[in-house]
1. Being open to solvent by less than 10 Å² (accessible area, probe 1.4 Å) and in contact (Cβ under 8 Å) with a residue 24 or more places away in the chain is the filter; apply it to the stretch 218-237 and report the residue that is nearest to LEU8 (Cα to Cα).
2. Residue by residue through the stretch 192-217, note down the ones that are surrounded by fewer than 19 Cβ atoms within 10 Å (Cβ to Cβ) and assigned to a loop (DSSP other than H, G, I, E, B).
3. Taking the criterion of being under 21 Å from VAL16 (Cβ atoms), touching a strand residue (DSSP E or B) at 6+ places or on another chain (Cβ under 7 Å) and surrounded by 17 or more Cβ atoms within 10 Å (Cβ to Cβ), would at least one residue in the stretch 110-119 satisfy it?
4. Working only within the stretch 143-177, note down all residues that are touching a Ser or Thr at 6+ places or on another chain (Cβ under 8 Å) and either under 16 Å from ASP9 (Cβ atoms) or open to solvent by 70 Å² or more (accessible area, probe 1.4 Å) (or both).
5. Taking SER109 and the conditions (1) touching a helix residue (DSSP H, G or I) at 6+ places or on another chain (Cβ under 7 Å); (2) hydroxyl-bearing (Ser, Thr, Tyr); (3) outside any helix (DSSP H, G or I), which numbered condition does it fall short on, given that it satisfies the others?
6. Pairs under 9 Å by beta carbon, first residue on the phi > 0 side of the Ramachandran plot in the stretch 167-192, partner surrounded by 15 or more Cβ atoms within 10 Å (Cβ to Cβ), six or more apart or different chains?
7. Restricting to the stretch 178-191, what's the tally of residues that are over 27 Å from VAL208 (Cβ atoms) and open to solvent by 30 Å² or more (accessible area, probe 1.4 Å)?
8. Among the residues of the stretch 20-60, what is the count of those that are more than 16 Å from the chain's Cα centre (by Cα), aliphatic (A, V, I, L, M) and either in a helix (DSSP H, G or I) or buried (at least 22 other Cβ atoms within 10 Å of the Cβ) (or both)?
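The values are calculated or read from the model by the stated rules, or taken from the named source; none is laboratory data. Remember, it's a predicted structure, so these values are computed and weren't measured experimentally. No Cβ is skipped: glycine too gets one built from the backbone with ideal geometry, and neighbour counts run over all protein chains shown. For the accessible areas, the whole protein counts, side chains as well, though only heavy atoms, and no ligand, DNA or RNA atoms are used. Shrake-Rupley method; radii C 1.70, N 1.55, O 1.52, S 1.80 Å.
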Amino acid sequence: MFVVFTDLDGTLLDTVTYSWEPARPALDSLSRRGIPLVLCTSKTRAEIEPLRTGLKNRHPFIAENGGAAFVPLDCFPSPVTNAARRDSYYVIEFGSRYDELADSLDAASRVSRVPVLGFHEMTAEEVARRSGLTIEQARLAKQREYDEPFVVLDHAHEQNLLREIERLGKRWTRGGRFLHIMGQNNKAAAVRCLAELYRKSYRSVLTVGLGDAPNDAEFLSVVDTPIIIRSRFAAALKTLVPTGRVSEAAGPAGWNRAILEVIPE
């Protein structure tokens, strides 16, 4: 049995239009065969749920760079242990609280004297302008629980800020548009956790991972078949994940062809 773990922005979703339509043939193929598609993204739960509805996706998902994994209550034969029940999910938390992360970012900026602009300081209109999202999508993006995206306003001294974040015991990662501060979580730990849940329920599981940015490197390194979706980060990501195959096209078109080649009907 295959389980597919995929990043969203720049991978399954187009970086400009946020559409997945070019990937429709592969999505339909996975759906017909009952192959789980696990969304693994820096997006919030509030952003992911409408996407899952549009995709008719009922599988687990990983939010905010591995901050938490959300598992539908009826997904596996047995209850998920070491998880909290919230709404219609078992929630497995890996990340730090959002208010703690925002405070740590402010402290790191103050001590390093490197100005930043975090999502907690931006209006929905500012988030929309910087990300290309609609105002409503930006409001969903601001409903954060485990991860704070930010931009550095003094790039010449960015490394001073990042070192201070690490000194405070937090991690950072670089996405397609923003830097992110987080706790000790990452996408890889959440992917490992969900892969293990699938392996407990099915005799044999092969994992496929797709991503396009540096914050995908860790989880691509723990799947059986890593696929690097072509982007400006592809060469650097290939260095970090030597076993990854690079798609011919970018975004959902590259995602579509890669899935149909790796998991042919």
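1. Per the criteria, the residue is ILE229.
2. Answer for the stretch 192-217, where residues must be surrounded by fewer than 19 Cβ atoms within 10 Å (Cβ to Cβ) and assigned to a loop (DSSP other than H, G, I, E, B): TYR202, ARG203, SER204, VAL205.
3. Yes, there is a match, as at least one residue in the stretch 110-119 is under 21 Å from VAL16 (Cβ atoms), touching a strand residue (DSSP E or B) at 6+ places or on another chain (Cβ under 7 Å) and surrounded by 17 or more Cβ atoms within 10 Å (Cβ to Cβ).
4. GLN143, ARG144, ASP147, PRO149, HIS157, ARG163, GLY175, GLY176, ARG177, listed by residue number.
5. That leaves (3) as the condition not met.
6. As it stands, the answer is GLY169/SER104; GLY169/GLY183, since those pairs meet every condition given.
7. Counting residues in the stretch 178-191 that are over 27 Å from VAL208 (Cβ atoms) and open to solvent by 30 Å² or more (accessible area, probe 1.4 Å) gives 0.
8. 5
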